[in-house]
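Q: Have a look at this one.
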There are 2 protein chains.
Amino acid sequence: MTEDELIAEVFRPLATGPGADDLGDDAATIAPDGRELVVTCDALAAGVHFVADDPPEAIAAKALRVNLSDLAAKGAEPFGYVLALALAPGWTVDWARRFADGLAADQSRYGIALLGGDTLRASPGGGTMITITAFGHAERIVRRRTASPGDIIIVTGTIGDAALGLKCHLGDAMPALSAPSKAALIEAYLRPTPPVTCWRAVAAHASASMDISDGLLTDLAKLTRTADVSAAVDLANVPFSLAVQDAIGLAPPLRDLALTGGDDYQILATVPPTEADAYIASCAALGTNAVAIGKVSAGPPAVRTFERGVETTITNGRFNHFG
Amino acid sequence: MTEDELIAEVFRPLATGPGADDLGDDAATIAPDGRELVVTCDALAAGVHFVADDPPEAIAAKALRVNLSDLAAKGAEPFGYVLALALAPGWTVDWARRFADGLAADQSRYGIALLGGDTLRASPGGGTMITITAFGHAERIVRRRTASPGDIIIVTGTIGDAALGLKCHLGDAMPALSAPSKAALIEAYLRPTPPVTCWRAVAAHASASMDISDGLLTDLAKLTRTADVSAAVDLANVPFSLAVQDAIGLAPPLRDLALTGGDDYQILATVPPTEADAYIASCAALGTNAVAIGKVSAGPPAVRTFERGVETTITNGRFNHFG
């Protein structure tokens, strides 16, 4: 299959918006909308962010969702993306079709469309690599730097599933963990489910926000540095799924990995106290559980963690995509 | 150097626009401009689109310019880009700094700024890969499909330098070719010089346009398929640089490679006959030579080539980035 055939047969059906011009041109257009355009870019490489023989549909979903979580955290309504797909030697048409099926499913799920992109061969000896630049519209982007002392720290969904799921996925067996718990954790790693629709709640109520990609406490530390504030987290309030609770019950040190491991793709927001209930209610109405886990205060950037009122130290067990 | 340090020290100085928020956030913003936003995405992989030990400044320039040529061909004024940089094992801070220096030089040259992006490790065993999504504004995008019978086919710059330059660069020595000619060809391959400012001429005068990335006749054939027209090219009018003329003089079959080889990154436009002189004059005023090489006619999609009025057949010697 040539590049032109791959584009025409596999990817053109995904280019459902008018600006994509059926992928038959050098560039796409985005019409003015009155709102600000919000742009984010996240790339995934085989052997770094996913396992080369993961299901292609799951790789596609992950590549899109790690970008959609950024848009949601900025209070932006997603509408489209461009894709650069570098195919490893030995790629098959079946793989490409299944990858496109994964994109198509998420396009329906999230109401977005492919705008354009590039297909190319990966470097000799290298693996598949996927770069997505995703677009949304926002009345006002919600930044990280705008967290204020007194704000409540609120997270969506559950924390740590993917970090523990990666351990299982890589064969770190956790023998005592039940098969359903293990399957749930692996699924969370393979197919994160960011609360994409919660962009509305963020836009309406949050003072600052970011997505959790490098681990809850790791990312909260970044937020405190950007906003020049301090944060205190009550660990008893951090939402763990039943599967993560199972794993921690069997091996208590896994809790620190859950708190600092990556790939949650949930929203970490700071919300003025007067808005916190409304934010949580708005997330709930949008289908996502959100819970208060701590508070912002003045002071040098730091994340302090407490258990039953006693300050405690967390070991950083995070998975580092980069270093 | 951690990812955060790399971003802060090496890439943040490139994020000179307000929407980039100093690369300190999950996403960038692009304010509404009244015009359409034009988006293009081209990626380069080591060992496919460049040689891993090419000068990092040149790799950076090429990665940007292959995108800027797309915008110019669409009649769009460039203003920014996002960058995903996957670094191969063994990357050095010196390499990254030189790569950023190359970006900085082109930012000044073309009046653009880094908006955001991602840095990551490349797949184990793989090479460096660079994905750029570039943005411009246009009153009306100039498509490929809008070429009409009677239009004049006009190209900017010179054709074939990069395809012959790649041959030299890969060590296909062309022993009889003079050292200055060889150096000029290699430079054209390493650092293409698309006529970025000619977006104004395209927007004002062209009926259809595309950039030449896969070879003049190869890309013209694509244009005829998209627009459902036929094209006739007078080979005597195709602009060859002195270095390409030298090479063809020594080895006449190289002419076909020059006509079908990739990486020119010039603009291939069709222009109504009443606008042709104005288009050429406008390009000249913008610092770029443009010449008429043929004509569009009705008929099934095809590219016919003529020499002194006699139809001739070209052997496709093009370099294929994909297959």
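The values are calculated or read from the model by the stated rules, or taken from the named source; none is laboratory data. Please read these numbers as outputs of a predicted model, since none were measured by experiment. Cβ coordinates were reconstructed from backbone atoms using ideal geometry, including for glycine residues, and neighbour counts include every protein chain displayed. All accessible areas refer to the heavy atoms of the entire protein, side chains included, with ligands and DNA or RNA removed. Shrake-Rupley method; radii C 1.70, N 1.55, O 1.52, S 1.80 Å.
Q: For chain A, what % of the accessible area comes from carbon and sulfur atoms, probe 1.4 Å?
A: Values: 6190 of 11500 Å².
On chain A, the fraction of accessible area on carbon and sulfur atoms equals 54 percent.
Q: Using only Cα atoms, find the angle between the long axis of helix B:216-227 and the longest principal axis of chain B, and express it within 0 to 90 degrees, rounded to the nearest 10.
A: 80
Q: So what are region A:215-273's ellipsoid semi-axes, whole angstrom, largest first, if each one is the square root of 5 times an eigenvalue of the alpha-carbon gyration tensor?
A: Values: eigenvalues 111, 28, 22 Å².
Each semi-axis is the square root of five times an eigenvalue, giving 24, 12, 11 Å.
Q: Take the Cα radius of gyration of region B:171-320 and divide it by 2.2 N^0.38 Å, with N its residue count; two decimals is plenty. It would help to have the intermediate numbers written out before the result.
A: Values: Rg = 15.7 Å, N = 150, 2.2 N^0.38 = 14.8 Å.
Scaled against compact globular proteins, the figure is 1.06.
Q: Need one number: nm distance between label points at A:Thr313 and A:Ala52, each 7 Å from Cα along Cα→Cβ, rounded to one decimal.
A: Calculated label separation equals 4.1 nm.
Q: Where the centroid of each part is defined by its Cα atoms, how far is region A:180-215 from region B:137-153 in Å?
A: Here the two parts' Cα centres lie 44 Å apart.
Q: Can you give the net charge of the other residues whose Cβ lies under 12 Å from the Cβ of A:Ala184, counting K and R as +1 and D and E as -1?
A: On the way: positive: A:Lys182, A:Arg191; negative: A:Asp161, A:Glu187, A:Asp246.
Net charge around A:Ala184: -1.
Q: Thinking of region A:174-253 as a set of Cα atoms, what percent of all their pairs are more than 19 Å apart? Working shown, then result.
A: Values: 1729 of 3160 pairs.
For region A:174-253, the share of Cα pairs beyond 19 Å comes to 55 percent.
Q: Heavy-atom accessible area per residue, chain B, 1.4 Å probe: how many Å²? Provide the component values of the computation, followed by the final result.
A: Values: 11530 Å² over 323 residues.
Ligands and nucleic acids excluded, the figure is 36 Å² per residue.
Q: Rounded to the nearest 10 degrees, what's the angle between the helix A:179-190 long axis and the longest principal axis of chain A, both from Cα atoms, 0 to 90?
A: Result, in degrees: 60.
Q: Sorted from largest to smallest, which semi-axis lengths in Å does the alpha carbon gyration tensor of the protein assembly as shown give for its equivalent ellipsoid, taking the root of 5 times each eigenvalue? Before the final figure, lay out the partial values.
A: Details: eigenvalues 466, 120, 95 Å².
Computed over the protein assembly as shown, the values are 48, 24, 22 Å.
Q: Could you tell me the center-to-center distance, by alpha carbons, between region A:80-118 and region B:226-276 in angstrom?
A: 34
Q: While we're here: Projected area of region B:63-122, taken from the Cα convex hull and averaged over every viewing direction, in nm²? List each step's numbers first, then the result.
A: On the way: hull surface 17.1 nm².
Taking the Cα atoms of region B:63-122, their convex hull projects to 4.3 nm² on average.
Q: Now a separate question. Compute for region B:7-83: radius of gyration divided by Kirkwood radius, i.e. Rg/Rh, restricted to C-alpha atoms, rounded to two decimals.
A: On the way: Rg = 14.3 Å, Rh = 14.4 Å.
Rg/Rh: 1.00.
Q: Separate question: By Cβ position, which chain B residue lies least far from the axis that rotates chain B onto chain A, and what is the distance to the nearest whole angstrom?
A: B:Gly126, 1
Q: Return the ratio Rg/(2.2 N^0.38 Å) for chain A, where Rg is computed over Cα atoms only. Working shown, then result.
A: On the way: Rg = 20.0 Å, N = 323, 2.2 N^0.38 = 19.8 Å.
In units of the 2.2 N^0.38 Å rule of thumb, it is 1.01.
Q: Here's another thing I want to ask about it. Would you mind estimating how fast region B:3-138 diffuses translationally, via Stokes-Einstein at 37 °C and 0.692 mPa s with the Kirkwood radius over Cα pairs, in µm²/s? Spell out each step's value before the answer.
A: Values: Rh = 15.0 Å.
Estimated via Stokes-Einstein, D reaches 219 µm²/s.
Q: Round to the nearest 10 and give me the degree value, 0 to 90, for the angle of helix B:93-110's Cα axis relative to the longest principal axis of chain B.
A: Once rounded, one gets 50 degrees.
Q: Around A:Ser207, under 11 Å between beta carbons, what's the net of Lys plus Arg minus Asp minus Glu among the other residues? Could you put the intermediate results ahead of the total?
A: Numbers: positive: A:Arg143, A:Arg144, A:Arg145; negative: A:Asp151, A:Glu275.
Counting the neighbours of A:Ser207, the net charge comes to +1.
Q: Provide the gained length on full extension for the span A:Asp4 to A:Asp94, in nm with one decimal, where the gain is 0.36 nm per separating residue minus the Cα-Cα distance.
A: Details: separation 90, 0.36 × 90 = 32.40 nm, distance 1.63 nm.
Between A:Asp4 and A:Asp94, full extension yields an extra 30.8 nm.
Q: While we're here: Taking a label point 7 Å from Cα toward Cβ, how far is B:Asp172 from its twins in the other copies, in nm, shortest first?
A: Counterpart label points of B:Asp172 in the remaining copies fall at 4.9 nm.
Q: Then there is this: Using the Cα atoms of region A:270-314 to build a convex hull, what is its mean projected area in square nanometres?
A: That works out to 4.4 nm², a quarter of the Cα hull's surface.
Q: Against the empirical 2.2 N^0.38 Å scaling, what ratio does the C-alpha Rg of region A:121-210 come to?
A: Values: Rg = 18.3 Å, N = 90, 2.2 N^0.38 = 12.2 Å.
With N residues counted in region A:121-210, Rg over 2.2 N^0.38 Å equals 1.50.
Q: Over the Cα atoms of region B:244-323, each weighted equally, I'd like the Debye log10 I(q)/I(0) at q = 0.11, 0.19, 0.20 Å⁻¹, rounded to two decimals.
A: So the normalised log intensities are -0.42, -1.16, -1.22.
Q: Tell me: how much accessible area in total is hidden between A and B, 1.4 Å probe, Å², nearest 100?
A: Numbers: alone 14040 and 14080 Å², together 23030 Å².
The summed interface area works out to 5100 Å².
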